[in-house]
Structure formats: structure tokens, C-alpha cells
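Every number in this text was worked out from the coordinates using simple rules, so none of it is lab data. Source: prediction; values computed, not measured. Because the Cβ atoms are built from the backbone with ideal geometry, glycine has one as well, and the counts that use them run over all protein chains shown.
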Amino acid sequence: MTPDAPTPRRPTYAARAERFHPSGVRSVFDIAMQPGMISLAGGSPDLAALPRDVVAGLAVGVLRDREVDALQYQPAQGLAGTIEAIREVMRAEGVEAGPERIQVTAGSQMGLQAITTLLADPGDTVLAEAPTYVGALSIFGGLEAEVAQVDIDEDGMIPAALEETIARVRASGSRIPFLYTVPTFGNPSGATLGEERRDAVVEICRREGILIVEDNPYGMLAFDDAGDTRSARTTLYARDPENVVYLGSFSKIFSPGVRVGWVAAPVELRARVQLVVEAMTIHASVPGQLLAERFVTQTDWRAHVRRSTAVYRDRRDALMAALERHMPAGTTWTHPRGGFFTVVTLPDGTPSDGLLDAAIAARVVYVPGSAFMADGSREDTVRLAFSFEPEERLAEGARRLAEAVRSLSP
Ligand code: PMP
């Protein structure tokens, strides 16, 4: 007699497991890879501008010079040399931060996960822009925090709306652990917080006793448009280092695949972040850290950032011109002065159901704007990334998107 085959057992999931969904960006990732598809979806940097031979030389050097060190466990805060390189990158943003304030993480995504783990209890309400970074919503949802989103315009978060939201959340009895913001070349909006609003947001949060988490992966990718100045974009961290936690990343200025980012925080909080990092991954990848460090110390990294930013600027211009040419009357979009993204608002009455399918049938893919809202609203918006596709394909992508919109319009 043959024994019965063992019945496969489904694990009994924790209630929390239901809170992890495929994000709006990840769910179109495979579609974006299909041949013939034009992807305006993922916020991938253009790595064509990276000097491949130079990077290959750095990688060989990392393993040759450091021998087993590069492959061994290392201190959890991060390598001292990598922390120095990070300080140099921050200096280019006008920020001076002591090494005791820096924690290296596996991308800034992990920095935000660590901060949220430390500061937000289930049922607390994190404040964020409307719309906000979808990966942040995944973290907040996964850790059972609520999210209250604050209205923005082309000048970023509206201070009066922030004050109203704080009052409303507090009146509901929920605690606010922090304000999460992408104030410079925001994802997905492309909006940048104006100078006076920077002061106002910092002041409101200080007065209300609310910590600010400033996520700044795009700050260095400024298109230097007329009227835009770096001093107007001084980080919130530089304005109030004791009440702002800064999230930085090598993903958009070097490589997202190396998975190296950092947290700059008040000393005591930084030490706590290290404990979470140790619990999650022990420390960030050592070869990744060494590669990022050498990118800063052994290459003209600022020239690389300047070159790739010029590419992004030309791509933005190409996309904006194509939207102007092809989109139906009544369509509007944001005008980013840096970064990777614009948000397009479709004409009134465009049915949002079926638009993504129609776009994919026309061989163009984007991320629906509802992915960036905790309540799934804003179905009349789409996020377009101009960072990855070359200019002719961006223009063709906008044409195809317009065709998809028209095919659904009454
Ligand atoms: N924050 C924002 C606003 C982002 O756009 C991204 C990447 N798309 C991240 C964080 C995550 O970056 P990293 O690769 O450093 O984890």
C-alpha cells in the first residue's frame, strides 16, 4: 500500500500579511519589459550615461584591494569610508552632517522602513503629500499606520492644508508620529516646495512637535530652469537638523541596483535606526557600500550627475512638447524643474476604467495616479516617468497614450 501523498499545507498567515500588495509600480514592471512596449512607468535612472569601464574598474578594485574585507561582515552603522563619501554627497546639497548622525541602509526604502518601525504604532497617522511615493505607502500600510494626505500644488505642500490636516487627525484621537515628505522634485508630482513654504512647514512641525522625514533622492537632479535656484531649495534638514530626519540615496545619482542609501538623524535616533537595520539585514551590502564610496572618491561623480541631469532635462522637454502636441484639450500636467516624473490629469469625463488596458494595447505603460493615494482616489491622473526612455520614444509614448485616452472618450 502506498502511503498517501502529504497534503500541501497552506501557511497560516498573520493578519499583517494582507497588508502587503503588489505596488502600482511593481505590478506593471513585467508589462514594461515586453518587447515593443514604451515604458513611462518605473522611475528607473538612465544608466547609459555611466562610464561602464570606470565602474568595472571600481568593482575589480573593491575586491582586489580590500581582499576578504569586502566580503566579510562589517560594522552595522556602515563603513567609515562610505559614511565620509555620503557626507561629501550631502555637502553638495548644502548639508553638513557629522558621521555620528549617518546610518547606511540598503537603499533609502530601508531607511524609511526603519524610521517607521521605530516611530509609528499601529493606528497612528503618518502625514504625507497627496499624492505621495507609492513605496512609502507600502511601508506605512505594512506597519499598520494610517495615512493622512495633505494637498499640494506646483509649489509643493500647502502650509494651511498641513495645519488643517494636523488639527483634523488630532481631533480624531490619532497620534501623528511624523510628516513624510519628498519636498524636492517630488515623486510622483514633480512638484518642489517653495522657499517660504519650506520655512513654514519646518516652523509648523516644530511648533506642533511633529518630526519631519525628508526623502530627497532627486534633489541633485535640478534642470537649472530660469528662476530656479539651489538656495531656494535648501533642504528641510539643513533648516532644522534636530527635528528633521533626512533620507538619502545613491539610486538616482549612481545605481539603484547597488542598494545603498542612508539616514541622517539626530544622534540618539540614528543609534536606534542601527538597531533596526541590524535586525533586518545586519548591515547594508559591503561590496555595494565600497562601490558607492569609490564612485564618490575615485570618479568625477559630480560631472556624471551633471551629464545625466542634462539628459533628464532634454527628456522632460521632449515629453512636455509631445503632451502639448498630442493630448486632448482639457488635459493638464505638472512642470517639474528636476527629477523623473510628471502627473497628468485627464480631461473631465474620461473614464478611468480600462485606460491602462487601452494604453497597454497601444503599447505604452504608465502608473495610475491612484497608486499614490492611500484611499485609491485620483483615478483621473497618471504618472509618467521621463527618466528612462529616449526622447523619440517618450514622444511616441505620449502619442500612444493620447490615442488610448481618445479611444475611451465619449
Ligand atoms: N523615495 C522616493 C521618493 C523614491 O522615488 C524612491 C525610488 N523610486 C525611493 C525612496 C527608494 O529609493 P532607494 O532605491 O534608495 O531605496
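Per residue of the chain, what 222 nm ellipticity follows from adding -39500 (n - 2.57) for every DSSP H run with n ≥ 4, rounded to the nearest 500? Kindly include the intermediate steps, with their values, before the conclusion.
Values: 13 runs with 164 residues, N = 410.
-12500 deg cm²/dmol, from helical runs alone.
Tally Lys and Arg at +1 and Asp and Glu at -1 over the other residues with C-beta under 11 Å from the C-beta of Val134: what net charge comes out?
Charge balance near Val134 sits at +2.
What's the ranking of 69-77, 277-285 by average number of surrounding C-beta atoms within 10 Å, highest first? Intermediate values should be presented prior to the final figure.
Working: 69-77: 14.7, 277-285: 16.6.
The densest-packed peptide leads the list: 277-285, 69-77.
What percentages, rounded to whole numbers, describe P(r) for the chain computed over all alpha carbon pairs with 10 Å bin width beginning at zero?
5, 22, 31, 26, 13, 3, 1, 0, 0
Order 223-232, 114-123 from most to least packed using the mean count of other Cβ atoms within 10 Å. Intermediate results must be reported in sequence, preceding the final value.
Values: 223-232: 10.9, 114-123: 17.7.
Ranked by mean Cβ neighbours within 10 Å, highest first: 114-123, 223-232.
For Asp357 and Arg16, FRET efficiency with R0 = 35 Å and r from the beta-carbon atoms, rounded to 0.05? Walk me through the intermediate numbers first.
Details: r = 31 Å, r/R0 = 0.90.
Here the calculated transfer efficiency is 0.65.
Would you list the P(r) distribution for segment 90-200, with all Cα-Cα distances sorted into 5 Å bins from 0 and each bin expressed as a whole %?
Over segment 90-200, the share of Cα pairs per 5 Å bin runs 2, 11, 20, 20, 21, 17, 7, 1, 0 percent.
Under 12 Å from a point placed 7 Å out from the Cα of Glu144 along the Cα-to-Cβ direction: which residues of segment 8-27 have their backbone N that close?
Only 14-19 fall inside the zone, counting backbone N under 12 Å.
Hey, got the dipole for segment 52-299? About the Cα centre, +1 on K and R Cβ, -1 on D and E Cβ, debye to the nearest 20? Before the final figure, lay out the partial values.
Numbers: 21 positive and 35 negative charges, 133 e Å.
Taking the Cα centre of segment 52-299 as origin, the dipole is about 640 debye.
Binned at 10 Å from 0, what are the whole-percent values of the Cα-Cα distance distribution for segment 200-306, short to long?
Histogram of Cα-Cα distances, whole percents per bin: 12, 35, 35, 16, 1.
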